[in-house]
Amino acid sequence: MRERNGATAIVIGAGIAGLVTARVLSEHVDRVTVLERDRLPQDAVTRRSVPQGRHAHVLLATGQQLLAGWFPGLIDELVRAGAVPLDAKDLVWHQAGAHRIRSDLGFLTMSMSRPLLECTVRERLLRQRSNVSVTDETAVDRLILEGGRVAGVRTDGTEHRADLVVDCTGRNTRFLDQLARAGFPAPEVSTIRIDTAYGTRTVRRRPDDLDGTLALVVDDPARGHRVGMMVPVEGGRWIVTVGSLHGDVPPTESAEYEDFARSLPSPAIADVLARAEALTPVLSHRMPTSRRRRVERLERTPPGFLVLGDAICSLNPLHWQGMSAAALQARALGRAVERHGPASPALARDFYRRAARVVDVPWRIAAGADFADPRTSGSKPPGTGLVNRYLDKVFLACHTSVPVARQTLRVQNLLARPQSLMTPAMVIRVLLAARRSPARVETPAGPAVRRRPVA
Ligand SMILES: Cc1cc2nc3c(=O)[nH]c(=O)nc-3n(C[C@H](O)[C@H](O)[C@H](O)COP(=O)(O)OP(=O)(O)OC[C@H]3O[C@@H](n4cnc5c(N)ncnc54)[C@H](O)[C@@H]3O)c2cc1C
């Protein structure tokens with residue numbers, strides 16, 4: 001390991017990206033200070049700047065594995081706090097007209113509210129890394145630029161100096177604009193117009209809901225993208241989220257919300273909603289675009305400054321990748337700092353290249369799924385149409401083939417590369433299994449799949 005030489009770092013933002021960045025940097029510098037503008041609650045309750053906290057969410061296996069490695073004991077603590085361990089067998093996934101085959105697909109994940117996850121990670125960070133501090137209710141106004149490098153940040157008239165500042169303020173970061181005004185090039189931005197809308201209600205969980213299974217996803221990418229998910233969280237609750245793309249907004253009035261749920265290709269969510277005790281009103285969230293800042297293409301960036309997390313790549317939340325993508329970037333940051341040291345002018349270029357490689361996979365997976373909807377526009381990765389035609393077969397194959405379902409889930413959890421679904425042996429498996437899918441069986445009234453017209 002490199003010498004620390006008294007180096008210090010500031011992380012702006014205490015979201016998931018900020019917390020894992022602080023964890024990684026704490027091994028490479030003497031002191032890490034995290035500055036957060038929100039008041040951070042002691043308990044697992046939602047806070048203003050994290051809209052994800054109110055909606056159903058999934059921590060992919062990749063993110064979970066990285067967090068478990070950085071914070072020994074985290075998973076046990078989450079379970080003690082009520083997180084629900086979820087075997088792939090407990091997940092019912094209705095997609096492309098039928099259910100994915102249920103089997104032991106090889107891994108376990110946790111289901112809990114985002115506030116519980118964030119609160120537990122933050123508490124562990126402070127307990128396990130004595131050189132990290134988190135200061136809340138402290139908004140960073142601007143970066144301090146001196147001699148062509150970033151030398152710290154300014155908050156409400158106070159200067160905080162550090163060798164490295166990492167901007168983890170999320171998709172609407174303002175600090176790259178400040179650098180552009182100071183003469184540094186601004187990154188190109190790739191956008192994909194999705195206009196995702198969520199409608200979420202938390203309800204009391206009953207043991208016989210979903211016939212005792214633990215999570216449900218209803219997802220029909222090839223048929224207009226009305227989706228739903230129900231995940232169990234601490235406190236004996238379900239978080240139920242229904243959503244869609246391109247302005248097909250779930251209503252917030254109860255009866256209309258249930259009608260929206262009833263329009264999904266499986267009635268399971270609507271059936272639970274119809275008899276459940278509602279614990280919250282229906283809450284909405286909209287996200288107009290997936291957005292990726294191409295920081296890896298920047299010709300010049302000031303030493304002493306990096307962006308990480310949603311500030312680099314903010315993905316359609318329907319694909320559940322953001323926290324795991326942030327964790328993968330943080331791991332890449334650790335490797336780059338290990339190589340160059342925190343204050344090196346070479347750090348940004350190396351880190352941004354590594355970060356681009358790790359976000360490329362979730363970006364392409366999300367873009368592929370979103371461009372299956374013909375209304376999606378924007379930066380379409382080359383070959384998306386061809387890949388999507390093949391993925392239609394993969395999703396059909398997931399109805400009958402355990403190996404295909406397992407590999408698809410591994411790819412979706414960022415544990416395997418998408419190319420692993422395209423080896424010659426896998427292609428043969430996919431094509432044979434797709435032909436056995438029950439969704440291909442024609443009924444006298446037409447395809448067994450109920451199609452919802454695209455608005
Ligand atoms: C509705 C929704 C559902 C989602 N579902 C999932 C899911 O299922 N799975 C998944 O992995 N991801 C999901 N995501 C994405 C996930 O929330 C993010 O990708 C992840 O949290 C990483 O974000 P971040 O830490 O980079 O930014 P953010 O979460 O936006 O955090 C930024 C932090 O910076 C702070 N901040 C901002 N400006 C300043 C400032 N000037 N000074 C100090 N602090 C500042 C903010 O208060 C905030 O705490 C979802 C997102 C949304 C909106």
Next on the checklist: Criterion first (outside any loop (DSSP other than H, G, I, E, B) and hydrophobic (A, V, I, L, M, F, W, C)) does residue 348 satisfy it?
Outcome noted: yes
Next on the checklist: If I go through the stretch 164-173 residue by residue, how many of them are of a type outside the set (Asp, Glu) and more than 7 Å from the ligand (Cβ to nearest atom)?
Outcome noted: 5
Checklist entry - Of 32, 45, 58, 50, which residue is over 21 Å from residue 234 (Cα atoms) and either more than 15 Å from the ligand (Cβ to nearest atom) or in contact (Cβ under 8 Å) with a residue 40 or more places away in the chain (or both)? => result 32
Checklist outcome for this item: Reported set for the stretch 154-177 where residues are part of a helix (DSSP H, G or I) and either charged (D, E, K, R) or in contact with a strand residue (DSSP E or B) (Cβ under 6 Å, 6 or more places away or on another chain) (or both) is 175, 177
Checklist entry - What number of residues in the stretch 263-274 are at pLDDT 95 or above and surrounded by fewer than 19 Cβ atoms within 10 Å (Cβ to Cβ)? => result 2
Item to check | Top-ranked residue in the stretch 149-160 [being more than 14 Å from the ligand (Cβ to nearest atom) and modelled with pLDDT of 95 or more; ranked as surrounded by the fewest Cβ atoms within 10 Å (Cβ to Cβ)] | outcome: 159
Checklist outcome for this item: Checked the stretch 4-29 for anything over 22 Å from the mean Cα position of the chain (by Cα) and within 16 Å of the ligand (Cβ to nearest atom); matches are 9, 10
Checklist entry - In the stretch 351-406, what count of residues is obtained for those that are assigned to a loop (DSSP other than H, G, I, E, B), more than 22 Å from residue 320 (Cβ to Cβ) and free of Cβ contacts under 8 Å to residues at least 40 places away in the same chain? => result 2
Item to check | Filter pass, residue 251 being in a loop (DSSP other than H, G, I, E, B), touching a helix residue (DSSP H, G or I) at 6+ places or on another chain (Cβ under 8 Å) and touching a residue at least 40 places away in the same chain (Cβ under 8 Å) | outcome: yes
Checklist entry - Inside the stretch 178-188, can you point out the residues that are surrounded by fewer than 13 Cβ atoms within 10 Å (Cβ to Cβ) and either within 13 Å of the ligand (Cβ to nearest atom) or not in a loop (DSSP other than H, G, I, E, B) (or both)? => result 180, 181
Next on the checklist: Exactly one condition in (1) under 27 Å from residue 162 (Cβ atoms); (2) in contact with a His (Cβ under 9 Å, 6 or more places away or on another chain); (3) not acidic (Asp, Glu) is false for residue 283; which is it?
Outcome noted: (1)
Checklist entry - From 231, 240, which residue is under 25 Å from residue 111 (Cα atoms), touching a Gly at 6+ places or on another chain (Cβ under 9 Å) and not charged (D, E, K, R)? => result 240
Checklist entry - Looking at (1) among the small types (Gly, Ala, Ser); (2) at pLDDT 95 or above; (3) surrounded by fewer than 16 Cβ atoms within 10 Å (Cβ to Cβ); (4) part of a loop (DSSP other than H, G, I, E, B), which is the one condition that is false for residue 82? => result (3)
Checklist entry - All but one of (1) of a type in the set (Ser, Thr, Tyr); (2) within 14 Å of the ligand (Cβ to nearest atom); (3) under 22 Å from residue 13 (Cα atoms) hold for residue 284; which doesn't? => result (3)
Next on the checklist: Against the conditions (1) away from the ligand (no atom under 16 Å from the Cβ); (2) at pLDDT 95 or above; (3) not in a helix (DSSP H, G or I), where does residue 127 fall short? Just the number, please.
Outcome noted: (3)
Checklist entry - Out of all the residues in the stretch 226-234, is one or more of a type outside the set (Phe, Trp, Tyr), surrounded by 20 or more Cβ atoms within 10 Å (Cβ to Cβ), at pLDDT below 95 and more than 14 Å from the ligand (Cβ to nearest atom)? => result yes
Checklist entry - When the stretch 180-229 is examined, which residues are found to be on the phi > 0 side of the Ramachandran plot and in contact with a strand residue (DSSP E or B) (Cβ under 7 Å, 6 or more places away or on another chain)? => result 195, 210, 225
Next on the checklist: Here's a check for you: in the stretch 19-54, which residue that is small (Gly, Ala, Ser) and in a loop (DSSP other than H, G, I, E, B) is farthest from residue 335 (Cα to Cα)?
Outcome noted: 44
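The values are calculated or read from the model by the stated rules, or taken from the named source; none is laboratory data. What you see is a predicted model, and the numbers here were worked out from it, not measured in a lab. Using ideal geometry, Cβ is built from the backbone for each residue, glycine included, and neighbour counts are taken over all protein chains shown.
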